[in-house]
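S.K.: This is the structure I have questions about; it appears just below.
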Amino acid sequence: MPLSISTVNVNGIRAAVKHRSETNRGFLPWLEDSSLDVVLLQEVRASEDLARDALAPVLDAGWHLTMSESSVKGHAGVGVLTRTEPAAVRFGFGSAEFDDLGRYLEVDLDSDLGPVTAASLYLPKGAARTDAEKDIAKYEEKVRFLDEFGAHLGRLVRSGSHVVVGGDWNIAHAEADIKNWKGNLKSPGFLPHERAWVGGLLESGWHDVTRELYPGESGPYSWWSWRGKAFDNDSGWRIDYQLANRSLAERAVKATVDRAAAYDLRWSDHAPVTVVYE
């Protein structure tokens with residue numbers, strides 16, 4: 001049986017599950033209508049109790065939620081929804097600074113493909129380095145995260161089992177990953193050192209599954225600003241993706257971005273990115 005894994009930044013799980021209209025029924029019907037096995041969630045922005053309340057219908061139907069909430073109320077938070085109960089769970093990546101901020105979570109699963117480690121990541125957005133103290137702090141925070149997390153990924157890629165890290169990476173690696181790349185050369189998420197960091201991961205054994213399945217294509221974008229008509233014009237960024245180690249990447253057969261058909265049908269400013277492994 002194939003293994004279908006999706007990653008999505010829900011931009012607040014309580015907002016994502018809202019029934020906005022008869023045509024926009026929110027996250028829950030989307031999940032119920034899917035044939036997914038694993039859903040990696042970012043920016044849950046709720047305590048585990050509140051998240052379980054929001055997800056009660058699907059949890060009652062048999063889904064399992066594993067969650068790492070942030071110590072900062074209403075901020076970040078990652079989770080993993082699975083059809084089967086995880087065999088093991090690990091919170092964080094051994095960082096004294098970041099592990100209690102709800103930015104990273106790993107679960108081990110038994111699957112028809114063999115043991116799989118699936119991780120949900122919400123990487124800091126950061127900032128461009130300016131003279132402003134706030135920007136300097138955000139810039140340096142992201143640099144520290146990249147250094148620590150990069151070391152963890154260096155160890156994880158050598159795992160003997162299948163591994164996938166999906167999430168909101170908040171970094172577009174290449175020009176094909178941003179519609180307006182020329183206008184964003186100095187924007188956080190497309191800075192030279194950020195792009196080089198992702199490039200280093202790909203050189204170390206990680207595989208950008210969607211890009212390898214669809215080389216040479218612009219996008220497919222997964223996030224659009226609320227400003228202007230970015231969504232209507234598909235002026236987006238590809239910052240949500242799945243990196244897999246070689247053994248699992250070789251099993252990837254299909255990748256899709258579930259972009260809403262219209263602006264008012266969205267339940268998040270991000271779209272789910274799904275990969276099927278066989």
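S.K.: What ³J(HN,Hα) values, in whole Hz, does the Karplus curve 6.51 cos²θ - 1.76 cosθ + 1.60 give for region 68-78 when θ = phi - 60°, with x put for Gly and Pro?
M.R.: Couplings: 10, 8, 8, 6, 9, 4, x, 10, 6, x, 10 Hz.
S.K.: Mind computing the radius of gyration and Dmax over the alpha-carbon atoms of the chain? Å is fine for both.
M.R.: Taking only Cα atoms of the chain, I get Rg and Dmax of 17.6, 54 Å.
S.K.: Share of Cα-Cα pairs in region 135-219 beyond 14 Å, in percent?
M.R.: On the way: 2437 of 3570 pairs.
Every Cα pair in region 135-219 considered, those over 14 Å come to 68 percent.
S.K.: Between residue 72 and residue 23, what is the label-to-label distance in nm when each label sits 7 Å out along the Cα-to-Cβ direction?
M.R.: 3.7
S.K.: Taking just the C-alpha trace of region 77-140, give me its Rg and Dmax in Å.
M.R.: 16.1, 53
S.K.: Would you compute, for the Cα atoms of region 12-131, the largest minus smallest coordinate along each principal axis and list the three values in descending order, in whole Å?
M.R.: The principal-axis extents, from largest down, are 48, 40, 25 Å.
S.K.: Let me ask you something else. Which order, highest average first, do 39-47, 151-159, 129-137 follow once you tally other Cβ atoms within 10 Å for each residue and take the mean per peptide? If you can, show how the numbers build up before the last one.
M.R.: Values: 39-47: 26.1, 151-159: 15.4, 129-137: 11.3.
Top of the packing list down: 39-47, 151-159, 129-137.
S.K.: Counting other beta carbons within 10 Å of each Cβ, put 14, 251 in order, fewest first.
M.R.: Working: 14 15, 251 18.
If I rank by nearby Cβ atoms, fewest first, I get 14, 251.
S.K.: Could you list 139, 241 in order of exposure, starting from the residue whose Cβ has the fewest other Cβ atoms within 10 Å? Walk me through the numbers on the way to the answer.
M.R.: Working: 139 19, 241 26.
The order, fewest Cβ neighbours first, is 139, 241.
Any read-out appearing in this document is the output of simple, stated calculations on the displayed coordinates, not a laboratory observation. From a predicted model like this one, the values you see are computed outputs, not experimental measurements. Virtual Cβ from ideal backbone geometry, glycine too; neighbours counted across all protein chains shown.
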